[in-house]
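Read-outs: derived from the displayed coordinates by stated rules, not from any lab. In this text, all values refer to a predicted model and were calculated from it rather than measured experimentally. Don't worry about glycine lacking a Cβ; one is built from the backbone with ideal geometry, like all the others, and counts go over all protein chains shown.
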Amino acid sequence: PLAPTEQPRTITAERIVIATGSTPTKLDIPGAELAITSDQAFSLPQRPQKVVMIGSGYIGVEFAGIFAGLGSSVELVYRRDLPLRGFDPDMRTALADAIEARGITQHRHVNPTSITRTQTGLNLTLDNGQTLSADCIFMATGRRPKIDSLGLGNTSVATAENDRIQVDANSETTHPGIYAIGDVTDRINLTPVAIAEGHNLADRLYGKTPARQWCYATTPKAVFFSPPLATVGLTEDEAAQNGAVDIYLTRFNPMRYTLAGRIRKTVMKLVVDQPSQKVVGVHILGDDAPEMLQAVAIAVTAGLTKADFDRTIGIHPTSAEELVTMRTRTRVTPKADK
């Protein structure tokens, strides 16, 4: 919006790129205005003693871990049976166990119905009749593209569900000369992807060399809980849509925790396309998982096979060596019925 003394200006350009990102959304329930989102999380005047987190995606899980790590009592509310919808089922189960181990209470299969202010704080009412009290209620219930003030109605730029701007393979919208990149397109909402799309667009429009070919299908992802979860490629269910898959799964206590007498499990999983034996998915929950997955993402992007992993000598003693020493197949998942 313009400042009170600022006059409107007209700017003309050969091309326009929309990269306005996304904004948090809240549930449409009574009292929603009493909850905060990630926009306010780092501006709280003091640490809340008790936090109720609504939502179990990236933001919900990460901030639940942050507040718990700072010493707050945290309750995590979500409507499904496991956190992180869309991730591999084995990793979702492992993360739910890790959340419990951190002392975070999970309320599953429930939906919030209202928030009310009390003399001592806030109350969140759930559809199972339960009421949770808190100093802070945090809604991590999704984001939508930030387009409200752009005036797209004056253009032929088309939007789809959740207000995402529709673009083609070259990031051009349905209005010639107008492009969109990053979260405003609601494709892969990750900072490195937005940066890659910006590089790609600049190279294609103004570069003297051909635009680089990013592999978005093998974009690695990380959820920075403690322990963190990282993943690249296909989940078991996604891979089974293409044919039978071999699954290699291991759970172990890393050596440093064993020596210290502590239990903090690491879970690793390889998803292997059975006919080609290509490793099409790698999933890790455990310390340094994102650091490991960045390098493993190169192997998955390159289409390396399970035999390539097997013939690679591991670094001992590390957790990462498990990725090249999983030789016994855990199970075979048949091709899914479509």
- Item | Selected residue [out of contact with any Ser or Thr (no Cβ under 7 Å at 6 or more places or on another chain) and within 24 Å of residue 285 (Cα to Cα)] from 81, 88 | 81
- Query: Say we look at the stretch 124-141 and pick out the residues that are out of contact with any Leu (no Cβ under 9 Å at 6 or more places or on another chain) and touching a residue at least 24 places away in the same chain (Cβ under 8 Å); which of these is nearest to residue 109 (Cα to Cα)?
  - Reply: 140
- So how many residues does the stretch 133-171 have that are surrounded by 12 or more Cβ atoms within 10 Å (Cβ to Cβ) and not in a loop (DSSP other than H, G, I, E, B)? 14
- Item | Candidate set from the stretch 38-51 (those that are surrounded by fewer than 19 Cβ atoms within 10 Å (Cβ to Cβ) and in contact (Cβ under 8 Å) with a residue 40 or more places away in the chain); member that is farthest from residue 78 (Cα to Cα) | 44
- Item | Test result for residue 181, within 30 Å of residue 277 (Cβ to Cβ) and surrounded by 13 or more Cβ atoms within 10 Å (Cβ to Cβ) | no
- Note on the structure: Scanning the stretch 187-220 for residues that are part of a helix (DSSP H, G or I) and of a type in the set (A, V, I, L, M, F, W, C) gives 193, 194, 195, 196, 201, 202, 205, 217
- Message: Let me confirm something: among 267, 280, which residue is of a type outside the set (Gly, Ala, Ser), closer than 26 Å to residue 60 by Cβ and either surrounded by fewer than 16 Cβ atoms within 10 Å (Cβ to Cβ) or in contact with a helix residue (DSSP H, G or I) (Cβ under 6 Å, 6 or more places away or on another chain) (or both)?
- Response: 267
- Please work out which residue is surrounded by the most Cβ atoms within 10 Å (Cβ to Cβ), limiting yourself to the stretch 58-83 and to residues that are out of contact with any Pro (no Cβ under 8 Å at 6 or more places or on another chain) and in a loop (DSSP other than H, G, I, E, B). 83
- Message: Given the options 259, 285, 270, name the one that is farther than 29 Å from residue 214 by Cα and either of a type outside the set (Val, Ile, Thr) or out of contact with any His (no Cβ under 6 Å at 6 or more places or on another chain) (or both).
- Response: 259
- Quick check, is residue 86 surrounded by fewer than 19 Cβ atoms within 10 Å (Cβ to Cβ) and either small (Gly, Ala, Ser) or assigned to a strand (DSSP E or B) (or both)? yes
- Item | Residues of the stretch 1-22 that turn out to be surrounded by 10 or more Cβ atoms within 10 Å (Cβ to Cβ) and either within 30 Å of residue 120 (Cβ to Cβ) or out of contact with any strand residue (DSSP E or B) (no Cβ under 6 Å at 6 or more places or on another chain) (or both), as a count | 4
- Does residue 54 meet the test of being out of contact with any Ser or Thr (no Cβ under 8 Å at 6 or more places or on another chain), buried (at least 17 other Cβ atoms within 10 Å of the Cβ), within 24 Å of residue 95 (Cβ to Cβ) and in contact (Cβ under 8 Å) with a residue 60 or more places away in the chain? no
- Among the residues of the stretch 313-328, which ones are in a loop (DSSP other than H, G, I, E, B) and either surrounded by fewer than 14 Cβ atoms within 10 Å (Cβ to Cβ) or without any contact (Cβ under 8 Å) to a residue 12 or more places away in the chain (or both)? 313, 314, 315, 316, 317, 318, 325, 327, 328
- Item | Residue count, the stretch 282-307 (criterion: free of Cβ contacts under 8 Å to residues at least 24 places away in the same chain and in a helix (DSSP H, G or I)) | 4
